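The values are calculated or read from the model by the stated rules, or taken from the named source; none is laboratory data. As the structure is a computational prediction, the values presented were derived from the model and not from experiment. FYI the Cβ positions are ideal-geometry reconstructions off the backbone, even for glycines, and counts take in every protein chain you see. For accessibility, only protein heavy atoms count, side chains too; no ligands or nucleic acids. Shrake-Rupley method; radii C 1.70, N 1.55, O 1.52, S 1.80 Å.
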Amino acid sequence: MARALRLAERGRWTCDPNPRVGCVLVRDGEAVGEGWHERAGGPHAEVLALEAAGAAARGATAYVTLEPCSHYGRTPPCADALIEAGVARVVIGAGDPNPRVGGRGVERLREAGVAVAGGLMAEAAEALNAGFMRRMRGGLPWVRCKVAASLDGRTAMASGESRWITSAAARRDVHRWRAASGAIVTGVDTVIADDPRLTARDVDGPFLAPRRVVLDSHLRTPTEARLLRDDGGVTLLHVGEMPPREQALVRAGAHLQQVAAGDDGRVELTAALRALAADEVNEVLVEAGPTLSGALLQAGLVDELIIYLAPHLMGHEGRPLLALAGLEQMSQRLALTVTDQRRVGEDLRLIARLRPAEEG
């Protein structure tokens with residue numbers, strides 16, 4: 001199963017919106033075939049492993065990171081392929097929460113006389129497909145919020161100057177996170193202030209270009225913004241109708257999508273994320289200013305923080321890492337659990353998750 005998980009990892013940048021799946025066939029203690037899901041619409045991991053094994057698949061055990069599918073989508077059911085190949089036993093890492101599967105793959109295998117065991121390295125299998133799991137179970141994507149700051153927590157000088165806080169190595173690392181995401185989300189204020197491109201570059205190997213999404217409640221994105229000039233298009237999530245601006249932005253290359261407004265008249269954050277999930281976006285990387293990033297965090301919509309800390313100081317007048325309103329007492333602190341820490345070039349990269357309130 002560990003080998004199957006490593007194989008599944010190879011599809012991280014190419015198989016969206018499908019889950020990352022790996023499969024290893026073992027017979028008489030030896031691996032006889034393996035495969036991973038490379039791209040949506042292409043053969044699934046089980047099919048590729050069966051093709052590699054050939055006749056040796058009969059009587060073998062299949063180790064699959066995710067429950068084999070039982071329905072016709074772009075490809076035939078993998079459960080049927082395993083049965084037809086004569087596989088004797090299937091060991092599954094995690095169940096598939098897709099309502100079209102949801103235990104039916106296991107049921108079909110057992111009805112055909114195939115022995116099935118589940119839950120082997122389930123935590124790792126779930127983590128590999130955190131976005132797919134979240135989307136299928138709750139209609140939301142997995143949200144990572146990337147922030148970069150000096151050691152004293154500043155993201156820009158008081159003047160707004162911010163290039164560059166982190167090293168070139170850290171910026172290359174960010175491009176890898178972009179390439180692994182289904183969408184990159186920012187706010188219109190960041191577009192106006194920084195004119196970012198939000199594309200994935202300097203990445204070795206093939207990847208699917210992430211969608212670029214701007215939360216732009218009142219369609220203030222400049223028609224000359226660089227992200228509108230790049231290939232691939234940009235989606236602006238907005239509220240209400242503004243015909244003159246709509247026409248100008250569409251001509252400039254924007255795709256417009258209206259979503260619900262919150263009490264403040266701006267894009268409602270949960271509605272925005274649900275709209276992305278409805279468009280089959282599994283993982284979102286937020287690269288925004290302190291206001292939007294802080295609002296998402298306080299709304300409980302951020303699953304992971306990716307924090308790059310650069311070894312310099314920018315002074316107390318610089319702009320803060322996050323805008324977090326209403327925190328006046330120590331008991332109101334937002335506690336984090338650091339799940340990974342490492343050096344990236346000259347900088348320190350932390351990955352952290354918001355700790356549940358009951359844990360303190």
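Just a few scattered comments:
- Residue in the stretch 8-16 that is open to solvent by 10 Å² or more (accessible area, probe 1.4 Å), touching a Lys or Arg at 6+ places or on another chain (Cβ under 7 Å), closer than 25 Å to TRP142 by Cα and small (Gly, Ala, Ser) present: no
- Checking every residue in the stretch 264-281 against the condition of being more than 16 Å from the chain's Cα centre (by Cα), over 28 Å from MET133 (Cα atoms), open to solvent by 60 Å² or more (accessible area, probe 1.4 Å) and touching a residue at least 40 places away in the same chain (Cβ under 8 Å) gives at least one match.
- ALA295 vs. criteria open to solvent by 30 Å² or more (accessible area, probe 1.4 Å) and either assigned by the TED database to the domain that holds LEU215 or part of a strand (DSSP E or B) (or both): yes
- For the stretch 86-106, the criterion of being farther than 19 Å from ALA8 by Cβ, crowded, with 19+ Cβ neighbours inside 10 Å and at pLDDT below 95 is met by at least one residue.
- Selection count, the stretch 125-160, where residues are hydrophobic (A, V, I, L, M, F, W, C), open to solvent by less than 40 Å² (accessible area, probe 1.4 Å) and assigned to a loop (DSSP other than H, G, I, E, B): 1
- Of the listed requirements (1) open to solvent by 60 Å² or more (accessible area, probe 1.4 Å); (2) over 19 Å from TRP142 (Cα atoms), ARG355 misses just one: (2).
- Verdict on ALA45 being surrounded by fewer than 17 Cβ atoms within 10 Å (Cβ to Cβ), under 27 Å from the mean Cα position of the chain (by Cα) and hydrophobic (A, V, I, L, M, F, W, C): no
- Residues being free of Cβ contacts under 8 Å to residues at least 40 places away in the same chain and closer than 10 Å to LEU66 by Cβ - total across the stretch 76-97: 4
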